[in-house]
1. Take every Cα pair under 8 Å in the chain that's 6+ residues apart, average their separations, divide by the length, and report that relative contact order as a whole percent.
2. So for segment 158-216, Kirkwood radius off the Cα pairs, Stokes-Einstein at 37 °C and 0.692 mPa s: how many µm² s⁻¹?
3. Please identify the DSSP H helices in the chain that span no less than 24 Å along the helix axis (Cα) and have a mean Kyte-Doolittle hydropathy of 0.0 or more.
4. How compact is segment 185-273 by the rule of thumb for globular proteins, expressed as Cα Rg over 2.2 N^0.38 Å?
5. Can you send over the carbon and sulfur percentage of the accessible area for segment 9-139, probe radius 1.4 Å, protein chains only?
6. Per the helix-only calculation at 222 nm, which mean residue ellipticity applies to the chain, given -39500 (n - 2.57) for every DSSP H run of n ≥ 4 and division by its residues, nearest 500 deg cm²/dmol?
7. Work out the charge dipole of segment 27-134 with +1 on the Cβ of Lys and Arg and -1 on the Cβ of Asp and Glu about the Cα centre, then indicate which of ASN126, ASN73, THR47 is farthest towards its positive end.
8. Label LYS16 and ASN200 with points 7 Å out from Cα along Cα→Cβ: what is the distance between them in nm?
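The values are calculated or read from the model by the stated rules, or taken from the named source; none is laboratory data. The structure displayed is predicted, hence computed values, not measured ones. Note: ideal-geometry Cβ built from the backbone for every residue, glycine included; neighbour counts use all protein chains shown. When the accessible area is computed, the model is the full protein with side chains, heavy atoms only, and any ligands, DNA or RNA have been set aside. Shrake-Rupley method; radii C 1.70, N 1.55, O 1.52, S 1.80 Å.
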Amino acid sequence: MKKYVEAYIDYIQSVKHASYNTIASYRRDLIKMCSYFEQKGYNDLLTLNGTDLSTYIMDIKQAGMSSATISRNIASIRSFFLYLLKQGIIKEDYSEQLKPPKVEKKVPETLSIPEMNLLLEQPSKNTPKEIRDKAMLELLYATGMRVSELVSLKIDDVKLNLGYIICRDDYKERVIPIDNVAKNALEIYINSARDMFCVNCDYLFTNIKGQPMTRQGFWKIIKHYASKAGIDKDITPHMIRHSFATHLVSNGADLKAVQEMLGHSDISTTQIYLKNKHSRIKEEYVKAHPRAKV
């Protein structure tokens, strides 16, 4: 069984150009499925039917797997079996019978605007490191890009004279405008501090050894300044991305424009930020309307 999984993984990597995270999660899900059936005595994919696949999904559900994880497993299995069908390895795709459970999208946790401002004020700009940190934090909040995109930026992706950044996501790229505060922080960093970290290197941000900044390295930077600010939240780079989107939508930004800046392929993903806006409106209504608490 597992040889088919590896062939499929090679296909989505080399032909479909799937992201690293998608490849890793699909491989993990499918290897787990194969191990399950092998333990049951099934060694040939051709002997599996819809009942077998449904039983597997029921078993992982009973084992306590979350609805979101079950949905992802079903997506992995359906994509895998569709590949097998197109390759002529199987004659019927029984995975079509699998229906993912309904997953209630949680409103992402964010920082308030005062909290965000407090965090951004923490780098003192007295050292090259803090100048770099200030530029990274300001750019992350100004663009809402993913941390993987932030640390992958090249110096040529910065178009300060035009006021935007070119952000690359796998095999796509998008143009994101930057505000004057972020632009100023970047100018200071590039002109006065970047050479302290790297000379003749392509990456915009590096660590003190001149090597590309890692996601884990930047996560530690955020933790340091969150602690310094006294903000009692588990702040992550993705929370800043959520805050960027929530603050834009709450202040009237067009949802389609926010979708493009975030790089979401489906606007339904971006619509989650409307919930934060509606929640804030309700809170203001309850506080202000004379009959709201009657």
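1. 16 percent
2. Reported coefficient: 258 µm²/s.
3. 67-86
4. 1.36
5. Here carbon and sulfur together make up 50 percent of the probe-accessible area.
6. Per the formula, -18000 deg cm²/dmol.
7. The residue sitting most towards the positive pole is ASN126.
8. 4.2 nm
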